[in-house]
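What follows is one structure encoded as structure tokens, with my remarks underneath.
The values are calculated or read from the model by the stated rules, or taken from the named source; none is laboratory data. Since we're looking at a predicted model, the values are computed, not measured. As a convention, Cβ positions derive from the backbone with ideal geometry for all residues, glycine included, and neighbour counts pool all protein chains shown. With ligands, DNA and RNA removed, areas are computed over all heavy atoms of the protein, side chains included. Shrake-Rupley method; radii C 1.70, N 1.55, O 1.52, S 1.80 Å.
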Amino acid sequence: MMTLINGHQVAYTDEGKGPPLVFVHGFPLNRSCWSKQVECFKSRNRVIALDLPGFGASEAERGPATMNHFAEGIFTLCQYLQTGPIVLVGHSMGGYIALAFAQAYPVFLRGLVLVGTRAGRDEPEVASARRMRARAVQQAGIGSVVTDMAPKMLSAINTDLDMARQVRDTMASSSSEGVVSALLGMADRPDRRAQLASIQVPTLVVAGADDTLIPMRESVDMAETIPEARLVVIPKAGHLVAYEQPGPFNEALASWLDSSPRGRQIFPLVRQDSQLRTVPEGVTP
Ligand code: MLT
């Protein structure tokens with residue numbers, strides 16, 4: 001489906017009935033990364049997944065896309081769809097956007113799911129590398145971004161060549177304008193670590209055990225600082241956790257949605273043979 005937001009076409013999926021779950025993809029991906037979550041949760045939730053401007057089928061906007069601007073677009077879409085308060089699920093850049101959303105629209109949140117993401121800003125050298133990359137994309141297209149990032153999306157032990165090709169194709173379908181805007185927006189994003197302690201909604205932090213882009217310490221710190229947070233580490237998952245390991249990811253999300261967490265939680269052992277691993281409070285995996 002499509003609608004106009006800020007004068008630009010935005011593509012989204014809206015399926016199922018029930019408490020609304022809104023999924024926000026990472027960089028440089030699109031909503032197809034959440035297809036296994038849409039299928040799984042649409043029998044119990046209203047499931048919305050959007051293509052951020054410049055990604056998938058959504059039209060690009062010009063200029064740096066700040067995380068606040070992306071968050072405002074999601075809020076506008078939710079108002080248009082009359083969702084009421086949502087559980088917001090953000091992967092990586094989608095997590096930066098989810099934290100911006102949590103700060104701007106706290107009463108519009110029922111819960112937060114932060115997947116393979118971090119609250120800190122870019123170190124200066126990382127921010128300047130992003131700006132250089134944005135210039136390179138303006139001149140030569142997004143090929144270098146795909147070549148650099150695609151191998152880092154999945155676990156190093158993943159031998160599924162079809163999956164690797166799908167990830168690469170998804171990235172390659174992003175527009176240069178969208179990639180440039182998002183690179184500049186990520187380079188300028190603020191440090192949100194000080195905001196974490198004031199997040200008032202139950203939060204699930206999900207990390208891929210084999211993620212080489214987001215250090216595990218970042219996920220542990222977020223889960224320890226957000227008052228009502230639970231941390232789940234998914235084995236055999238790289239950066240693109242929910243796409244690479246949809247079964248364990250969906251199980252963790254469903255269990256958290258069912259548990260109405262209150263206070264700091266230690267994730268309960270689901271089954272002895274479960275792929276889910278528990279992370280007791282205070283222990284670094
Ligand atoms: C993402 O997956 O969204 C990116 O890795 C985020 C980033 O480059 O910081």
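Here are the numbers:
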{"quantity": "Close pairs from region 118-141: first part of a loop (DSSP other than H, G, I, E, B), partner within 14 Å of the ligand (Cβ to nearest atom) and open to solvent by 70 Å² or more (accessible area, probe 1.4 Å), Cβ under 9 Å, at least 6 apart", "calculated": "Arg121/Asp188; Asp122/Asp188"}
{"quantity": "Residues within region 148-167 that are under 19 Å from the mean Cα position of the chain (by Cα), open to solvent by 30 Å² or more (accessible area, probe 1.4 Å) and within 15 Å of the ligand (Cβ to nearest atom), tallied", "calculated": "3"}
{"quantity": "Residue satisfying all of: in region 3-16; at pLDDT 95 or above and open to solvent by 50 Å² or more (accessible area, probe 1.4 Å); farthest from the ligand (Cβ to nearest atom) among these", "calculated": "Glu15"}
{"quantity": "Selection count, region 98-112, where residues are within 21 Å of Trp256 (Cα to Cα) and within 15 Å of the ligand (Cβ to nearest atom)", "calculated": "2"}
{"quantity": "Residue that is nearest to Glu228 (Cα to Cα) [pool: residues in region 194-214 that are in contact (Cβ under 8 Å) with a residue 60 or more places away in the chain and among the small types (Gly, Ala, Ser)]", "calculated": "Ala207"}
{"quantity": "Positions within region 233-257 being among the polar types (S, T, N, Q) and at pLDDT below 95, in sequence order", "calculated": "Ser255"}
{"quantity": "Filtered residues of region 202-215 (kept if under 18 Å from Gln245 (Cα atoms) and either within 15 Å of the ligand (Cβ to nearest atom) or part of a strand (DSSP E or B) (or both))", "calculated": "Leu204, Val205, Val206, Ala207, Gly208, Asp210, Asp211, Thr212, Leu213, Ile214"}
{"quantity": "Residue selected from region 188-206 under the condition open to solvent by 40 Å² or more (accessible area, probe 1.4 Å) and of a type in the set (A, V, I, L, M, F, W, C), by the criterion nearest to Pro248 (Cα to Cα)", "calculated": "Ala197"}
{"quantity": "Hits in region 122-141 - residues which are open to solvent by 70 Å² or more (accessible area, probe 1.4 Å), more than 15 Å from the ligand (Cβ to nearest atom) and not basic (Lys, Arg)", "calculated": "Gln138, Gln139, Ala140"}
{"quantity": "Residue selected from region 18-46 under the condition out of contact with any Phe, Trp or Tyr (no Cβ under 7 Å at 6 or more places or on another chain), more than 16 Å from the ligand (Cβ to nearest atom) and hydrophobic (A, V, I, L, M, F, W, C), by the criterion most open to solvent (accessible area, probe 1.4 Å)", "calculated": "Cys40"}
{"quantity": "Members of region 47-72 found to be within 16 Å of the ligand (Cβ to nearest atom), over 18 Å from Asp188 (Cα atoms) and open to solvent by 20 Å² or more (accessible area, probe 1.4 Å), listed by number", "calculated": "Gly56"}
{"quantity": "Residues within region 233-258 that are surrounded by 24 or more Cβ atoms within 10 Å (Cβ to Cβ), of a type in the set (Gly, Ala, Ser) and in a helix (DSSP H, G or I), tallied", "calculated": "2"}
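To keep it simple, each residue is scored yes or no on (1) within 20 Å of Ile97 (Cβ to Cβ); (2) part of a loop (DSSP other than H, G, I, E, B).
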residue	(1), (2)
Ala156	no, yes
Thr170	yes, no
Gln200	yes, yes
Val220	no, no
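Residue-wise test of (1) open to solvent by 10 Å² or more (accessible area, probe 1.4 Å); (2) closer than 30 Å to Ala136 by Cβ; (3) at pLDDT below 95.
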| residue | (1), (2), (3) |
| --- | --- |
| Asp169 | yes, yes, no |
| Ala172 | yes, yes, no |
| Ser175 | yes, yes, no |
| Val180 | yes, yes, no |
| Met186 | no, yes, no |
| Gly208 | no, yes, no |
| Leu231 | yes, no, no |
